[in-house]
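The values are calculated or read from the model by the stated rules, or taken from the named source; none is laboratory data. Keep in mind it's a predicted model, so treat the numbers as computed, not measured. We place every Cβ from the backbone using ideal geometry, glycine too, and count neighbours over all the protein chains shown. In case anyone asks, the SASA skips ligands and DNA or RNA and just uses the protein heavy atoms, side chains included. Shrake-Rupley method; radii C 1.70, N 1.55, O 1.52, S 1.80 Å.
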Amino acid sequence: MKKTTANLFLVSILFYFAFLSSWYICYSNDFYYPLVYVSADMAGTIQKRADSQQAYKVLAAAGPGQHMGLFRGVLKSVEDGGEGLDKLVLETDGGTYPFLNPAEREKLAGIGVMLDLAKGVFRLMLVLLVLACSYMTVSGVPPYAWRQITRGLSYAFCVLAALFYFLGFDRLYLFFHGSIFGNQSAWFFKNGNGFLSLIAPYPAMYIFISAVFLITLLACWGLYYRVCASVVGYFSKLLPSR
């Protein structure tokens, strides 16, 4: 029982660090948006629709460079706690257009606030991590073996895959965001009518972003647990036998 409790506590703490690491890894690579933009030929799609829809006409006039730059700007504003979202604009020969509508700015600012809260408890979580590892070392509580960790990661992946398969990405994704940010999340994702929804269409773009984020998170979590297990195992051998 003591082993299970201590390991679950360590797992929970490392999940926090894995979450932040996943965000920064994906953020530093713009969530691989340029790769998706090019591979899906989004510039070509926008150009084809420019003749019939005014919004696409504005996007086509702005060009791919601005599309990717503004997506990066959205991520930067979220990282900054929502600051600067109202300053993101599309610039064309025909004028300047706000990139985000009020609902999009409100939603993204909320995500930025949540991210700020997560970053705000970093020192506390670091202290808890040190305490957890110290307790396991002194008390002789062994970490789970790497085989158990990989099995646990496999189970987690299978559970997530099953949920996506049986419930559908749409329902699961909207439930997750709705439980945190409220029911307006459904409107934001499914009925968004701003420029952002045109260059990052739902659900295709969000399926990709979610998959990249979750894979990175699980990889970081497994790596961090293995490092902590090695540290606890090393220092446990230095202590007198109990």
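How about the stretch 1-57: which of its residues are touching a Leu at 6+ places or on another chain (Cβ under 9 Å) and either among the acidic types (D, E) or at positive phi (or both)? Selection gives D30, F31. Here A6, A62, A18 are screened, and the one residue that is crowded, with 19+ Cβ neighbours inside 10 Å, more than 16 Å from G194 (Cβ to Cβ) and over 25 Å from the mean Cα position of the chain (by Cα) is A6. Evaluating G112 against the criteria (1) surrounded by 17 or more Cβ atoms within 10 Å (Cβ to Cβ); (2) farther than 25 Å from V38 by Cα; (3) free of Cβ contacts under 8 Å to residues at least 60 places away in the same chain; (4) out of contact with any Ser or Thr (no Cβ under 7 Å at 6 or more places or on another chain) leaves one unmet condition, (4). Has the stretch 69-87 got any residue that is hydrophobic (A, V, I, L, M, F, W, C) and either open to solvent by 30 Å² or more (accessible area, probe 1.4 Å) or not in a helix (DSSP H, G or I) (or both)? Taking every residue of the stretch 69-87 in turn, none turns out to be hydrophobic (A, V, I, L, M, F, W, C) and either open to solvent by 30 Å² or more (accessible area, probe 1.4 Å) or not in a helix (DSSP H, G or I) (or both). Restricted to the stretch 142-242, the set of helices (runs of 4 or more DSSP H) holding at least 1 residues that are modelled with pLDDT under 75 and hydroxyl-bearing (S, T, Y) comprises 169-181, 184-190.
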